[in-house]
1. Restricting the range 29-69 to residues that are among the acidic types (Asp, Glu) and surrounded by fewer than 16 Cβ atoms within 10 Å (Cβ to Cβ), which is farthest from residue 130 (Cα to Cα)?
2. Of the residues that sit in the range 108-125 and are crowded, with 20+ Cβ neighbours inside 10 Å and not small (Gly, Ala, Ser), which one is farthest from residue 41 (Cα to Cα)?
3. Go through the range 117-136 and report how many residues are more than 6 Å from the ligand (Cβ to nearest atom) and β-branched (Val, Ile, Thr).
4. Looking at the range 126-142 only, could you name the residues that are open to solvent by less than 10 Å² (accessible area, probe 1.4 Å) and in contact (Cβ under 8 Å) with a residue 60 or more places away in the chain?
5. Out of (1) buried (at least 21 other Cβ atoms within 10 Å of the Cβ); (2) more than 8 Å from the ligand (Cβ to nearest atom); (3) part of a strand (DSSP E or B); (4) among the hydrophobic types (A, V, I, L, M, F, W, C), what's the single condition that is false for residue 145?
6. In the range 65-98, what residues are touching a residue at least 60 places away in the same chain (Cβ under 8 Å), touching a strand residue (DSSP E or B) at 6+ places or on another chain (Cβ under 9 Å) and in a loop (DSSP other than H, G, I, E, B)?
Amino acid sequence: MKINFLDLKGFVSPHAINNSQVFSPPPEFQTLTEYIIKEMFDLHMQSSQTVWDRKMFDDELKREGSGFLICYSDGATRETDGGGSSPAGKFNAHDIDASMKFDLMSRIIGFFIFYNVLDEMHILDITVANEMQSKGIGSLMLDSVIKINAGRGIKDFFLEVRTSNLKAVNLYKKFGFKIFMLRKNYYEDNGEDALCMVKKL
Ligand SMILES: CC(C)(COP(=O)(O)OP(=O)(O)OC[C@H]1O[C@@H](n2cnc3c(N)ncnc32)[C@H](O)[C@@H]1OP(=O)(O)O)[C@@H](O)C(=O)NCCC(=O)NCCS
């Protein structure tokens, strides 16, 4: 199963991801944007523990300095879980098909939202579809975003994560993020603490 990335806001250099081309939104951008936001919101409701409402996606898209990286596959794999090319079914850079166009049949399997201020990036959300988790998609997205933004002068990458979210904490640790603070009772829904993590280049 092949995957590709879409830079929704056009912030990302077309040559940055694995030296391959990132699809640029076509003239019917408005329609595609609406479609993508709807798909992202559905994914978010399915997979995320911290609930954003739909308006937060729209607002974030409009915010200056925000960035959205979408990971998608073609519509043919919509009904199947699919897997990457490694023996364990994990995805790696060889599974990225830069020629695969994004259209209204594409299946969004993950997304990454951040915003940049000066030389800092604040990671707001990274989500992979439930059935596609633990297959390397989160790693590919995080790796791409870090490389691209390092090239744009970002020096520090910040995020908050629930203490119980081991998958996410392990993902961030894999990429060199360190815990620098605990925010007590940070999450309103269950009073859970947040780990504040940073990666410094
Ligand atoms: C957190 C999340 C984005 C990770 O993406 P992913 O595609 O599942 O992650 P990967 O497959 O690239 O795995 C990255 C690392 O996470 C860790 N990991 C993956 N699956 C794991 C599991 N079931 N248990 C513990 N750690 C796990 C491993 O350290 C892994 O590295 P490795 O494969 O080299 O061992 C994804 O699981 C997700 O969408 N979760 C729900 C939303 C969420 O909680 N987002 C984070 C908000 S802060």
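1. Step one: of the range 29-69, the residues among the acidic types (Asp, Glu) are 34, 39, 42, 53, 58-60, 64.
Narrowing further to those that are surrounded by fewer than 16 Cβ atoms within 10 Å (Cβ to Cβ): 34, 42, 53, 58-59, 64.
Details: 34: 22, 42: 12, 53: 19, 58: 23, 59: 25, 64: 30 Å.
Per the criteria, the residue is 64.
2. If we filter the range 108-125 for residues that are crowded, with 20+ Cβ neighbours inside 10 Å, which is where we start, we get 108-114, 121, 123.
Right, trim to not small (Gly, Ala, Ser) and you get 108-109, 111-114, 121, 123.
On the way: 108: 11, 109: 12, 111: 10, 112: 12, 113: 12, 114: 16, 121: 22, 123: 17 Å.
In this case the residue turns out to be 121.
3. Going through the range 117-136 one residue at a time, the tally reaches 2.
4. 127, 129, 137, 141
5. The single condition residue 145 does not satisfy is (3).
6. 74, 82, 84, 91, 97, 98, listed by residue number.
The values are calculated or read from the model by the stated rules, or taken from the named source; none is laboratory data. Remember, predicted model here, so these are calculated numbers, not experimental data. Glycine also receives a Cβ, built like all others from the backbone with ideal geometry; neighbour counts cover every protein chain displayed. Side chains included, ligands, DNA and RNA excluded: accessible areas come from the protein's heavy atoms. Shrake-Rupley method; radii C 1.70, N 1.55, O 1.52, S 1.80 Å.
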